[in-house]
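K.L.:
Mind having a look at this structure? Questions to follow.
The values are calculated or read from the model by the stated rules, or taken from the named source; none is laboratory data. What you are looking at is a predicted structure, and each value in this text was computed from that prediction instead of being measured. A quick note on method: Cβ atoms are made from the backbone with ideal geometry, for glycine too, and the neighbour counts reach across all protein chains shown. With ligands, DNA and RNA removed, areas are computed over all heavy atoms of the protein, side chains included. Shrake-Rupley method; radii C 1.70, N 1.55, O 1.52, S 1.80 Å.
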Amino acid sequence: CFYILLLLQLTFALNYLTLSKISNDAFKGIDPSEDIISLFGNCFYFSTITFATIGYGDITPNCLSAKMLVTLETLASMIFIIFIFANFSNFKSDFTQNSPGIGHLEEMDE
């Protein structure tokens, strides 16, 4: 689950990096003339903040293609969060069905 999250964030970070190199004004707060390591660091930071739906506002999409990419990542994060909660709910349901419970303890007393 962690690896899927990391893979999604890295993928979007690379997409943001590519878009910022193609269009210099794709994002406010990201300077495309930075060295590639710093630029990737900023793109990964933006991807993480976007995926977590925090949105500090220090980096913002500035063109339609950047806005669409950010929207896609936000939708992916919502689907991922729903998936996590659904699996947690199934785990909890399985745990309560397989545990002996109080009725089992009363049977042991008899």
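K.L.:
Could you check residue 80 against (1) more than 23 Å from the chain's Cα centre (by Cα); (2) of a type in the set (Phe, Trp, Tyr); (3) modelled with pLDDT of 85 or more and say which number it fails?
P.N.:
Here residue 80 clears every test but (1).
K.L.:
Something else now. If you go through the stretch 48-68 one residue at a time, how many are open to solvent by less than 30 Å² (accessible area, probe 1.4 Å) and assigned to a helix (DSSP H, G or I)?
P.N.:
So the answer is 4.
K.L.:
Kindly evaluate residue 37 against the criterion of being part of a loop (DSSP other than H, G, I, E, B), free of Cβ contacts under 8 Å to residues at least 40 places away in the same chain, open to solvent by 20 Å² or more (accessible area, probe 1.4 Å) and aliphatic (A, V, I, L, M).
P.N.:
Details: part of a loop (DSSP other than H, G, I, E, B): no; free of Cβ contacts under 8 Å to residues at least 40 places away in the same chain: yes; open to solvent by 20 Å² or more (accessible area, probe 1.4 Å): yes; aliphatic (A, V, I, L, M): yes.
For residue 37, the condition - part of a loop (DSSP other than H, G, I, E, B), free of Cβ contacts under 8 Å to residues at least 40 places away in the same chain, open to solvent by 20 Å² or more (accessible area, probe 1.4 Å) and aliphatic (A, V, I, L, M) - is not met.
K.L.:
Residue pairs, Cβ under 6 Å, 6 or more apart or interchain, first in the stretch 1-23 and within 19 Å of residue 61 (Cβ to Cβ), second open to solvent by less than 90 Å² (accessible area, probe 1.4 Å) and among the β-branched types (Val, Ile, Thr). List them.
P.N.:
Filtered contacts from the stretch 1-23: 9/48; 20/30.
K.L.:
Only one of (1) modelled with pLDDT under 95; (2) open to solvent by 60 Å² or more (accessible area, probe 1.4 Å); (3) aromatic (Phe, Trp, Tyr) is not met by residue 45, so which one is it?
P.N.:
Status for residue 45: all satisfied but (1).
K.L.:
Criterion first (open to solvent by 60 Å² or more (accessible area, probe 1.4 Å) and of a type in the set (Val, Ile, Thr)) does residue 11 satisfy it? Before you say what the answer is, go through the steps one by one.
P.N.:
Numbers: open to solvent by 60 Å² or more (accessible area, probe 1.4 Å): yes; of a type in the set (Val, Ile, Thr): yes.
Here the answer is yes, as residue 11 does meet what is asked.
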